[in-house]
1. With respect to the numbered conditions (1) in contact with a Pro (Cβ under 7 Å, 6 or more places away or on another chain); (2) at pLDDT 95 or above; (3) aliphatic (A, V, I, L, M), which one is the sole condition not fulfilled by residue 39?
2. Out of all the residues in the range 132-148, is one or more of a type in the set (Asp, Glu) and under 20 Å from residue 66 (Cα atoms)?
3. Do any helices (runs of 4 or more DSSP H) lying entirely in the range 13-126 carry at least 1 residues that are open to solvent by 100 Å² or more (accessible area, probe 1.4 Å) and of a type in the set (Phe, Trp, Tyr), and which ones are they?
4. Only one residue in 150, 97 is under 18 Å from the mean Cα position of the chain (by Cα), among the charged types (D, E, K, R) and closer than 24 Å to residue 163 by Cβ, so which one is that?
5. Scan the range 144-169 for residues that are of a type in the set (Gly, Ala, Ser) and either modelled with pLDDT of 90 or more or open to solvent by 30 Å² or more (accessible area, probe 1.4 Å) (or both) and jot them down.
6. When you scan the range 71-78, do you find a residue that is touching a Gly at 6+ places or on another chain (Cβ under 7 Å) and acidic (Asp, Glu), even just one?
7. Is it the case that the range 170-186 has a residue that's open to solvent by less than 50 Å² (accessible area, probe 1.4 Å), closer than 28 Å to residue 53 by Cα and modelled with pLDDT of 65 or more?
Amino acid sequence: FPHSVFVNEDNLVELPIVEIFYKQFDGKRPDLLLLGGDVQPVDEISSYEFSEKILDTVKKFNGKEVITLGGIGLADIPKKPKVYCTGNTRKIINRYKSDLVSNNLYGIVGPIIGVSGLLLGLATRRNIEAISFLAETYGHPMYLGIKGAKEILRVLNSKLNLSIDISKLDREIKDIENELMKKTEQLSEVTKQFALKKLQKRFGKDVDYIG
């Protein structure tokens, strides 16, 4: 993870964290493992190691499928973000595609970078079906893409029968955005400096800007 800590409102430091939550449904529907956090690994080797560890956990709980979430950066803020999907088998794509989700993703997005993409590819080696939902969002590092995330949640709410009252989330979005924005601003500078050092090492000359 980035070699940094957050300073919270109490002027105390907090390490970036990633958490896994376990939700049981008493046999009425499949149980869920929910993964979320502040950051993901910042280099290739760590991304692979982290993804393999997550899949170890999925196997431990006899997980049947993996779902990852991400975004497609656009030049402008989308008024009504579209949701796309891709996966490691046609079977899982057919199971999840609908009027709300398009699987016509080829040519729209390039490589899926980071854990969201790696989990799909590595899950194939373990015979675990995996799918990724990608929502349109504004392609700026400071834009959080809450609208797109909400559209993905609508899909998951329907397909997984989660019984979530999505309208209630609107009341919490503003607070969530404010909190995430603070952390994003703090991390962006650290990540930028890390990337600059990697480029300087690779090209053997001064590199002083990354867009």
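The values are calculated or read from the model by the stated rules, or taken from the named source; none is laboratory data. The model shown is predicted, which means the values in this text are computed figures rather than measured ones. Neighbour counts run over all protein chains shown; Cβ positions are idealised from the backbone, glycine included. Protein only, heavy atoms only, side chains kept; ligands, DNA and RNA dropped before computing areas. Shrake-Rupley method; radii C 1.70, N 1.55, O 1.52, S 1.80 Å.
1. Failing condition for residue 39: (2).
2. So far as the range 132-148 goes, no, none of its residues is of a type in the set (Asp, Glu) and under 20 Å from residue 66 (Cα atoms).
3. Ranges flagged: 44-60.
4. 150
5. Across the range 144-169, the qualifying residues are 149, 158, 163, 167.
6. No, because not a single residue in the range 71-78 is touching a Gly at 6+ places or on another chain (Cβ under 7 Å) and acidic (Asp, Glu).
7. no
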